[in-house]
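One structure is given below, encoded as C-alpha cells.
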Amino acid sequence: MKFFTKGWHVIYVKSRQERKVYDSLMKMSIESFLPLVKTVRQWSDRKKTIEIPLFPSYVFVNIHSSLDFYRALSVEGACAYIRFGNDYAVVRDSEIEKVRILLNIDGVTDIATTEVLPKVGEIRKVEYGPLVGLECEVLRVDNKDMILVRIDSLDKNISATLSSSILSDCISSAI
C-alpha cells in the first residue's frame, strides 16, 4: 500500500457526523474543510433553512505530517480515508479553492452534487485492482457503488459486480 502524500485528503465519516468530525479536527489544529450549503426543509408545521454538507459523509483535511494523518482518523465518527485502489485520494488545492469560491458567491442557490453513472451498454476499462486494463461492458447499474459488467475472455462471458469507482470514463458504446 502506498503511504500518504501531503495535501488535502478526504475522510469518510459516519452518517450525519460531518460537523462533529470537522469541529473535532479544528480543535486538534488540523486544517479541515466542510463545505455546507443552505437548503429549506419543510416540516408539517414549519419551514426552516438549514445547512447540509455538499458532500455527505466527507470531510476534507489538509495533511502535513504522518502524525496528523493518523490523528485525524482517531476522531470519533471518522471511518477511513477515501482511496482509489492502493492510493489515497488527494484533492488539489485549486479544487478546494474553487468549491470555497462557489459557496461564497452571492445569489448562487440550489448547489448540489451529481455523479455520472455509466450507462448500460457502455464499454469501460478497469482502472484499479487486479483486473486493471481489462475492458468490460456495463450490463446493469444497481446504484452508484455497484455495477454489473461483462468481461469477454476465452470465448466465454464472465459477469462480475464491480464498484463504479474503479471504471474509467466511457470508451465506446456496445449498442
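Quick note: the coordinates plus some simple rules give every number you see, no bench work behind them. Note that the coordinates shown come from a computational prediction; the quantities given were computed from them, not determined experimentally.
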| note | Given backbone amide H placed at 1.01 Å from N, residues whose amide H is under 5 Å from that of VAL90, ignoring those fewer than 5 places away on the same chain, are none
| query | What list of ³J(HN,Hα) couplings, whole Hz, do you get for segment 87-99 from phi and the Karplus terms 6.51, -1.76, 1.60, once you set θ to phi - 60° and write x for glycine and proline? | reply | 9, 6, 5, 10, 9, 5, 3, 5, 6, 4, 5, 5, 5
| query | What residues qualify as long-range amide H neighbours of TYR58, i.e. H under 5 Å apart, gap of 5 or more or another chain, H built at 1.01 Å from N? | reply | VAL13
| Could you give me the ³J(HN,Hα) list for segment 11-19, computed from phi with Karplus coefficients 6.51, -1.76, 1.60 and θ = phi - 60°, whole Hz, x at Gly and Pro? | 9, 7, 10, 4, 3, 6, 10, 4, 5
| task | Convert each backbone phi in segment 21-35 into a coupling constant with the Karplus relation 6.51 cos²θ - 1.76 cosθ + 1.60 (shift: θ = phi - 60°), then list the ³J(HN,Hα) values in order as whole Hz, x for Gly and Pro. | result | 5, 4, 4, 5, 5, 5, 5, 8, 6, 9, 4, 9, 9, 10, x
| Using modelled amide H (1.01 Å from N, peptide plane; none on Pro or chain starts), what sits under 5 Å from the amide H of TYR81, excluding residues fewer than 5 places away? | TYR12
